Each structure stands twice: as C-alpha cells, then as structure tokens.
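Novice: Supplied in structure tokens, the structure appears directly below.
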Amino acid sequence: MESESGGLLKAKAIGLFSGGLDSIIAVKILQDQGLHVEGLAFETPFFGSAAARKSAEAIDMPLRVIDFTEDHLAMLKAPRYGYGKNMNPCIDCHALMLEKAGLLMAGEGWDFLFTGEVLGQRPKSQTGQSLRLVAKLSGYDGYILRPLSALLLPETIPEMDGRVDRQRLLDIQGRSRKRQIMLAEKYAIKSYSSPGGGCLLTDPVFSHRLKDLFSACKNPSIRDIELLKVGRHLRINEDFKIVVGRNKIENDIIEGLATAEDSLVDIPDVPSPIVMVPGCGDEETLRQAAEVCAFYSDAPKDVAVEAVVRRGGQKTSLMAMAAERDYVRTLMIERPSRAEGRG
Ligand code: SF4
C-alpha cells in the first residue's frame with residue numbers, strides 16, 4: 001500500500017514479546033522497515049514478564065503487560081491440544097496469547113500482530129502445522145506475521161496489502177542459533193533472556209506437583225498454585241497433602257501463604273520446619289504432619305516430642321514420633337518417576 005508521496009504507508013504492529021533474542025530480532029526487522037512497533041507480554045503465576053520488561057527497556061520499545069491468569073488457568077486444566085513434555089500446553093497457550101493480542105489489535109486499530117517464532121525451532125509447537133493451527137485457533141489467521149521465518153510461511157495480509165515488504169523478511173528455520181547470533185551483532189543487541197526460559201510449566205518437578213493438585217482439587221486457587229513453588233510436597237491421602245519448609249526463608253513464605261483455614265505444624269523446642277496442611281486437615285492428617293515435621297526437625301528420632309498445631313489463631317498440641325525415612329519418601333509428590341524425569 002502506497003501513500004500519496006509514493007512511499008510505503010507507515011503501519012503499526014503489536015507483537016508477543018518475551019524478551020528473548022528472537023523476539024528482539026522480530027522487532028528490529030519491522031523497525032528497519034519503518035514500522036511503529038510495540039510489545040505485549042503476558043503474566044500468570046507460571047511465568048512473568050521481567051525478561052520482557054528488561055529487554056523492552058534496553059531497546060527502548062513500549063511494552064504492554066497483561067495478566068491473563070484466569071483465562072490461562074481455565075485453559076490449562078484441559079488444553080485442547082494437550083501438554084508438551086511436562087504440563088506446558090504450548091499450542092493452546094500461544095493461541096490464547098494471540099487471541100488476546102488480536103482483540104487488542106482489533107479494538108485499538110493496530111494493523112497486524114507479530115511474533116519471534118522460528119519455524120522448526122521447537123519440535124511440537126513450532127512446526128509449520130502448529131504455527132498454522134495456532135494462528136487459526138487465535139481467530140486472527142492472516143494477521144500474524146513471523147518476521148524471522150516469514151519467507152517459509154504463507155503470505156500474510158500485511159504483506160499482501162503492502163504494509164510490510166516481504167522481500168525484507170527472513171527465512172530462518174531450525175534449532176541452530178547461528179543466524180540469530182549474527183543478527184544480534186548486526187543490531188548491536190547485547191543482552192537478552194535465554195530462549196524458552198522462565199516458564200514453570202516446562203519444569204518436571206513443578207509439573208508433577210501441578211498434576212497432583214489438579215487431580216486432588218477441581219478449582220485450585222492462586223494461593224494453591226503459589227504454594228507449589230515452595231517447600232517439599234507430600235501427599236498424605238486423597239484429600240490432604242502437606243507442605244514442608246526446607247529453610248527459614250521457605251518457612252516464612254509458607255506462613256505468609258497460610259489462611260485461617262490452614263493448619264501449621266511445628267516442633268517448638270528444637271529447630272523445626274513449618275509444615276502446612278492446606279485446608280486444615282483431619283486428625284489423622286495432622287498426626288502424620290506432626291510425624292513428618294519431627295522427622296525433618298532436629299528432635300530426637302526415638303522419642304515422642306510435642307508438636308504444636310496452629311489454625312485461625314488457635315493452638316493445640318500433640319505428641320508425635322518422627323516418621324520413618326522410607327515412609328516419608330513414599331509420600332513425596334515431587335519425585336517424578338525415572339520415565340517422567342526423562343520425558
Ligand atoms: S513455554 Fe509456557 S509460556 Fe511458553 S507457550 Fe509454553 S506454556 Fe506458554
């Protein structure tokens with residue numbers, strides 16, 4: 001599309017921006033064509049926007065941050081296209097981000113969307129088929145430009161209508177980072193976050209805990225998810241698990257996350273972890289929580305010790321013998337099986 005003076009009309013694009021090298025290069029390629037570009041980063045309890053904020057500041061690009069926890073969590077429980085190696089539903093997650101970005105584009109009059117995705121860089125979520133699927137699922141097929149691999153992908157609407165010069169887009173594909181490193185030098189990009197880093201849903205241990213939470217609770221709260229990030233997690237029975245602090249910092253975090261509904265157990269006479277029983281716990285669960293607490297505390301292992309249970313401002317106590325090491329190991333949620341650990 002040409003302006004009256006014969007030059008390309010200056011288009012404006014908003015894109016998913018992680019702060020990684022590929023997303024910075026995508027921005028630079030479009031800025032090279034004189035386009036106005038802004039970034040969009042998303043936040044949930046599973047990933048934040050710190051890297052995006054840092055990189056956006058470094059390249060002096062406006063960045064919008066959207067917390068879409070509620071929609072993301074609803075999708076995460078049953079992603080239409082399933083999970084990756086761990087609990088990462090990358091296809092559905094990307095589609096949801098692009099759907100949100102598309103709504104913004106349509107509502108605010110942006111010309112098109114862009115991402116820093118590279119064809120074939122990730123085995124499941126960045127195949128040609130997945131990129132097409134994500135675009136279709138988002139509802140904005142045709143408006144999503146991937147500047148790094150555009151020459152290998154079908155022409156998009158902004159290329160067709162002349163807002164973007166297709167000849168100046170790239171044909172990068174695969175896992176090699178050589179061309180991106182060269183482009184980083186060309187554009188003098190000095191710092192960027194590592195590719196794919198920072199999403200807890202790709203972490204095997206966190207994923208194992210999350211899977212356990214979903215199987216025990218239909219509607220976990222944000223607090224329940226925050227708890228997954230701290231301590232050791234042990235499942236006592238179908239209804240209750242316990243969370244054991246591993247050091248003073250974790251004990252403080254666990255106390256800080258406790259509500260009036262939760263029980264907190266410790267052994268006051270010796271250095272001891274804080275053990276939380278989310279959702280108060282029945283008598284048997286509290287007894288086991290006290291035994292596990294005694295096991296991880298400095299209390300002698302061959303005599304019963306006094307454990308204190310706090311809940312909603314009330315205190316009770318019970319006598320508990322430290323649980324056996326082998327028994328404690330059987331309760332651990334975060335121990336992925338060997339197969340899962342490799343997966
Ligand atoms: S790695 Fe995490 S943030 Fe990225 S697409 Fe997958 S689930 Fe979403």
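Novice: Counting just the residues of segment 41-62 that are within 13 Å of the ligand (Cβ to nearest atom) and under 22 Å from residue 190 (Cα atoms), which one comes out surrounded by the most Cβ atoms within 10 Å (Cβ to Cβ)?
Specialist: 52
Novice: Right, here's the next one. Please verify whether segment 142-149 includes one or more residues that are surrounded by fewer than 22 Cβ atoms within 10 Å (Cβ to Cβ), modelled with pLDDT of 95 or more and not in a loop (DSSP other than H, G, I, E, B).
Specialist: Taking every residue of segment 142-149 in turn, none turns out to be surrounded by fewer than 22 Cβ atoms within 10 Å (Cβ to Cβ), modelled with pLDDT of 95 or more and not in a loop (DSSP other than H, G, I, E, B).
Novice: Any residue at all in segment 137-159 that's assigned by TED's automatic domain parsing to the domain that holds residue 33 and within 17 Å of residue 89 (Cα to Cα)?
Specialist: Yes, there is a match, as at least one residue in segment 137-159 is assigned by TED's automatic domain parsing to the domain that holds residue 33 and within 17 Å of residue 89 (Cα to Cα).
Novice: Filter segment 169-202 down to the residues that are more than 16 Å from the ligand (Cβ to nearest atom) and among the aliphatic types (A, V, I, L, M) and list them by number.
Specialist: 169, 170, 172, 181, 182, 183, 184, 188, 189 - these are the residues of segment 169-202 that are more than 16 Å from the ligand (Cβ to nearest atom) and among the aliphatic types (A, V, I, L, M).
Novice: Looking for something within 20 Å of residue 40 (Cβ to Cβ), in contact (Cβ under 8 Å) with a residue 60 or more places away in the chain and of a type in the set (Ser, Thr, Tyr) - is there at least one such residue anywhere in segment 125-132?
Specialist: Scanning segment 125-132, I find no residue that is within 20 Å of residue 40 (Cβ to Cβ), in contact (Cβ under 8 Å) with a residue 60 or more places away in the chain and of a type in the set (Ser, Thr, Tyr), so the answer is no.
Novice: Does residue 68 satisfy the condition of being of a type outside the set (A, V, I, L, M), in contact (Cβ under 8 Å) with a residue 40 or more places away in the chain and within 16 Å of the ligand (Cβ to nearest atom)?
Specialist: no
Novice: State all residues of segment 292-315 that are within 34 Å of the chain's Cα centre (by Cα) and either part of a strand (DSSP E or B) or of a type outside the set (A, V, I, L, M) (or both); if no residue qualifies, say none.
Specialist: Residues satisfying the conditions are 293, 295, 296, 297, 309, 310, 311, 312.
Novice: Look at residue 318 and say whether it is aliphatic (A, V, I, L, M) and more than 25 Å from the chain's Cα centre (by Cα).
Specialist: Here the answer is yes, as residue 318 does meet what is asked.
Novice: For segment 22-36, name all the residues that are more than 12 Å from the ligand (Cβ to nearest atom), under 17 Å from residue 186 (Cβ atoms) and either free of Cβ contacts under 8 Å to residues at least 12 places away in the same chain or touching a strand residue (DSSP E or B) at 6+ places or on another chain (Cβ under 8 Å) (or both).
Specialist: 26, 27, 30, 31, 33
Novice: Of all residues in segment 97-141, count the ones that are assigned to a loop (DSSP other than H, G, I, E, B) and touching a Ser or Thr at 6+ places or on another chain (Cβ under 6 Å).
Specialist: 2
Novice: Continuing with the same structure: Let me confirm something: among 77, 28, 54, 85, which residue is among the charged types (D, E, K, R) and closer than 24 Å to residue 143 by Cα?
Specialist: The conditions single out 28.
Novice: A further question on this structure: Any chance you could count how many residues in segment 169-191 are surrounded by 15 or more Cβ atoms within 10 Å (Cβ to Cβ) and within 24 Å of residue 34 (Cβ to Cβ)?
Specialist: So the count comes out to 9.
The values are calculated or read from the model by the stated rules, or taken from the named source; none is laboratory data. Remember, it's a predicted structure, so these values are computed and weren't measured experimentally. Quick reminder, even Gly has a Cβ in these numbers, built from the backbone with ideal geometry, and neighbours come from all protein chains shown.
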